[in-house]
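Asks: Input: one structure, supplied below.
Just so you know, all these numbers are worked out from the coordinates, no wet-lab data involved. Note that the structure is a prediction, hence the values are computed from the model and not measured. Counting neighbours? That spans all protein chains shown, and the Cβs are built from the backbone with ideal geometry, glycine included.
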Amino acid sequence: MNTTRPPLLDVDALIDDPDTRVLVCCGSGGVGKTTTAAALGLRAAERGRRVVVLTIDPARRLAQSLGLRELDNQPRPVQVDGFQPKGELHAMMLDMRRTFDDMVLAHAGRERAEQILANPFYQTVSSSFSGTQEYMAMEKLGQLVAGGEWDLVVVDTPPSRSALDFLDAPQRLSTVLDGRFIRLLSAPARAGGRGIRKIVGTGFSMFTRAVSTIVGGQLLQDASTFVQAFDSMFGGFRERAQKTYDLLRSPGTGFLVVAAAEPDALREASFFVERLGAEKMPLIGLVANRTHPVLAALPATRALAAADGLERAGEAPLATAVLRLHADRAAVADREKRLISRFTRAHPGVALVGVPALPADVHDLDGLREIGRRLAGE
Amino acid sequence: MSESAGWTEELTRSRLHVVTGKGGTGKTTVAAALALALATGGRRVLLVEVEGRQSIAQLFDRAPLPYSEERIASAPGGGEVRALAVDAEAALLEYLAMFYNLGFAGRTLRKAGAIEFATTLAPGLRDVLLTGKVKECVRRTLPTGRHEYDAVVLDAPPTGRVVKFLDVTRAMADLAKVGPIKTQSDGVVTLLHSGDTAVHIVSLLEEMPVRETLDAVAELDAADLRPGAVLVNRVRPPRLPAHSVTAAADGHVDADRVRDGVRAAGLDLSPEDVEGLVDETVEHAIRLQMEQRAKDKLAEADLPTLELPELADGVDVGALYELAELLVERGVR
């Protein structure tokens, strides 16, 4: 049915290459991004590189397997009995509030910084704004790269509802905070926003009134104070977001799109691959995660016919069960192959590696190491 | 299948069924199947999505839904399911239009990004608008006095965000304390915390989804929202008898018996293939053990639990009807 064979994604060549400096693992929620990032980091460290893994929101047991017990926003060496990699493995969990606070403290004078930190709108922005987490992940990534301390930074992207949010959120956030409306709504006289006023005409004052009625005048005032303080410090969010974009496009950065062999996850992966192309961001390939390839070359139909025969004869209950579970697995494997080949037909040039599922969840370095082996096709 | 109590009498009385679940559990699929099940036998059900993903349209293999209630499927026995993709911007304009005469300005403001701005500025506003629209659909009556919809199924945000989404009281803390939006949100709070609403959680028999399910139940309880049923999706049939699972998971599968058995069935497999079958059996057994642990853990939630099978061919419209039928068999009405 399918003749297109995608190029094989060579994970070892990738992580061994000293020019590979940043690996971004992206994909929709629940596909195993964090585990993939951790497994890649571990493998690279064991092959001699000095690695830091930046995770956003790891599952508790995965975090524990990396020795991460608390969210302290600093890379910590992974220390587990008997773990002596050729290189080094460090890991950290992102604390977005803390990253934001640090950014303010680093760039503003003490008094000004305190003013900003105490602003109620700042508290909303730094904890619950849509896009803050993505934005702070990028900020932290930028810091880790700028420090020059690491051979390789592996980053896991936030658990956004769709893979594309990760690229759009910082821009969206900065657009809002840099935006003309915030100036207009809070201080229309000063903002020199006559242009927009003209565009929207009389509807505008109505809108201003409506928005104030809904969100309250105080919030608008706080937002305005915040944006003005921020603006003078950093030359605006937009510029800062632009820098992170530039970093993502720079040589040495690569994107790995992680997807489960499920229609939704592969559809998201498709969008993401197209988007990376449009943004000229370097795609390394697709990790088709948690596949279920058969371990015996026996077609499902023959296995089922044989199982039915045995059952009728009332013989060999063990073999009957084994044949049935093989037939189940073969059906799943066929479906996964079909879905992946559909992706490959749409994106024939994209390198791909399938990572067979482990039968149980990953809780320790051994599990991560095994996933690393599977990623490398061993 | 060990089924604890299925759909309860109490759930039958719910009019708003909120469906959440960890990403990747099949939340939208289950929400759609639930809508079809509830519509079975001649009722009218509205299926609502709020995350702007057009998942319902994709699931039913349709063009993207406009911001209106469209008939999307017929249910067995003369029922129908309509679908609505609520858009926060459209909801805000609709809402403003009720209180202010925006006229054409509304459209211009939208183009200029003002609406996006307002809903981003106050993070709670988006949720208040979306839940407000849902409430309006639940409460809407026909001229005859009966409700337009017998039930509304909401494909809600995933477990990590759902309580925040439904906790309108908290969202309102950011917003104006008086005025029309306050009045409207009070109505939403009343509905969400009443016996008319149940929050169902879609889970899988895997560690992470189970953990998130239990966390969500605790959060819902703490916010005084009512957890409904746990819908366990993609359950695969156990093929090994329970008494042999432990040994098999430890690697004790008698390869000779497997080989002799398949040979008796007329299959001549290579030693490698027999070995492959044995390895598959060990993996299957390990998975069954993990699933049993997941079931035991889920039982801690002490909620009605309904299982849905994995569909080997994937989910298409036909599969939704199949799942709906299973839900009806398990008592959903």
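Asks: GNM on chain B, C-alpha springs below 10 Å: top fluctuator among B:Pro271, B:Pro66, B:Pro237?
Replies: B:Pro271
Asks: Next up: If you fit an axis through the alpha-carbon atoms of helix B:271-299 and take the longest principal axis of the Cα set of chain B, what angle between them do you get, 0 to 90°, nearest 10?
Replies: That works out to roughly 40 degrees.
Asks: What is the set of long-range amide H partners of B:Ala75 at a cut-off below 5 Å, with H atoms built 1.01 Å from backbone N?
Replies: Amide H neighbours of B:Ala75: B:Glu80, B:Val81.
Asks: Skipping prolines and chain starts, which residues have an amide H placed within reach, meaning under 5 Å, of the one on B:Glu307, given they are 5 or more residues away or on another chain?
Replies: Residues meeting the criterion, in which the H sits 1.01 Å from N, are B:Val232.
Asks: Counting residues in chain B as N, plug N into 2.2 N^0.38 Å and put the Cα Rg over that result.
Replies: 1.18
Asks: Dividing the convex hull volume of the alpha carbon atoms of the stretch B:238-333 by its residue count, what do you get in Å³ per residue?
Replies: Numbers: hull volume 14.6 nm³, N = 96.
In the stretch B:238-333, the Cα convex hull volume per residue is 152 Å³.
Asks: Which one, B:Ala255, B:Ala218, B:Ala151, has the greatest fluctuation when you compute a Gaussian network model over chain B with C-alpha springs under 10 angstrom?
Replies: Result: B:Ala255 has the largest fluctuation of those listed.
Asks: Still on this structure: Using the beta-carbon distance between A:Lys280 and A:Leu105 and R0 = 25 Å, what value does 1/(1 + (r/R0)^6) give for FRET efficiency, to the nearest 0.05?
Replies: Efficiency at R0 = 25 Å is approximately 0.15.
Asks: What number comes out for the charge environment of B:Glu283, summing +1 per Lys or Arg and -1 per Asp or Glu over other residues with Cβ under 14 Å away? Could you put the intermediate results ahead of the total?
Replies: Working: positive: A:Arg290, A:Arg329, A:Arg374, B:Arg236, B:Arg239, B:Arg287; negative: A:Asp328, A:Asp361, A:Glu370, B:Asp250, B:Glu275, B:Asp279, B:Glu280, B:Glu291.
Computed value for this residue: -2.
Asks: On to the next question. Across the stretch A:15-30, in residue order, what do the Karplus-derived ³J(HN,Hα) couplings come to in whole Hz, using 6.51 cos²θ - 1.76 cosθ + 1.60 with θ = phi - 60° and x for Gly and Pro?
Replies: Each residue's phi maps through the Karplus curve to give 7, 7, 5, x, 6, 7, 10, 9, 10, 9, 9, 10, x, 6, x, x Hz.
Asks: Moving on. Could you run the Karplus curve 6.51 cos²θ - 1.76 cosθ + 1.60 with θ = phi - 60° over the stretch B:86-95 and give me ³J(HN,Hα) per residue in whole Hz, x for Gly and Pro?
Replies: These are the phi-based 3J(HN,Hα) values: 7, 10, 4, 5, 5, 5, 5, 5, 4, 5 Hz.
Asks: Contour minus end-to-end for B:Thr12 and B:Ala247, with contour as 0.36 nm per residue of separation and end-to-end as the Cα-Cα distance?
Replies: Working: separation 235, 0.36 × 235 = 84.60 nm, distance 4.29 nm.
Stretched out fully, the B:Thr12 to B:Ala247 stretch lengthens by 80.3 nm.
Asks: On to the next question. Starting from the amide H of B:Leu16, placed 1.01 Å from N in the peptide plane, find each other amide H under 5 Å away whose residue is 5 or more places distant or on another chain.
Replies: B:Val152, B:Thr197, B:Ala198
Asks: Can you give the FRET efficiency to the nearest 0.05 for B:Asp215 and A:Gln74, using r as the Cβ-Cβ distance and R₀ = 25 Å? Numbers along the way, then the final one.
Replies: Numbers: r = 27 Å, r/R0 = 1.06.
About 0.40, to the nearest 0.05.
Asks: Binned at 10 Å from 0, what are the whole-percent values of the Cα-Cα distance distribution for the stretch A:114-159, short to long?
Replies: 23, 39, 28, 10
Asks: Put +1 on the Cβ of every Lys and Arg and -1 on every Asp and Glu Cβ in the stretch A:231-378; which of A:Ala346, A:Leu365, A:Ala260 then has its Cα farthest towards the positive end of the dipole?
Replies: It is A:Ala346, whose Cα lies furthest towards the positive end.
Asks: Quick check on chain B: helices-only [θ] at 222 nm, where DSSP H runs of length 4 and up contribute -39,500 (n - 2.57) each and the sum goes over total residues. Nearest 500, please.
Replies: On the way: 15 runs with 167 residues, N = 333.
When only DSSP H runs of four or more count, the value is -15000 deg cm²/dmol.
Asks: Report the calculated FRET efficiency for A:Glu315 and B:Ala222 (r = Cβ-Cβ distance, R0 = 56 Å), to the nearest 0.05. Numbers along the way, then the final one.
Replies: Details: r = 56 Å, r/R0 = 1.00.
That gives a FRET efficiency of 0.50.
Asks: With chain B treated as a Gaussian network of Cα nodes joined by springs under 10 Å, which of B:Ala223, B:Ala63, B:Ala39 yields the largest mean-square fluctuation?
Replies: Among B:Ala223, B:Ala63, B:Ala39, the largest GNM mean-square fluctuation belongs to B:Ala63.
Asks: Sticking with this one: What list of ³J(HN,Hα) couplings, whole Hz, do you get for the stretch B:303-317 from phi and the Karplus terms 6.51, -1.76, 1.60, once you set θ to phi - 60° and write x for glycine and proline?
Replies: My calculation for the stretch B:303-317 gives 10, x, 10, 10, 9, 10, x, 6, 9, 4, 8, x, 9, 10, 4 Hz in order.
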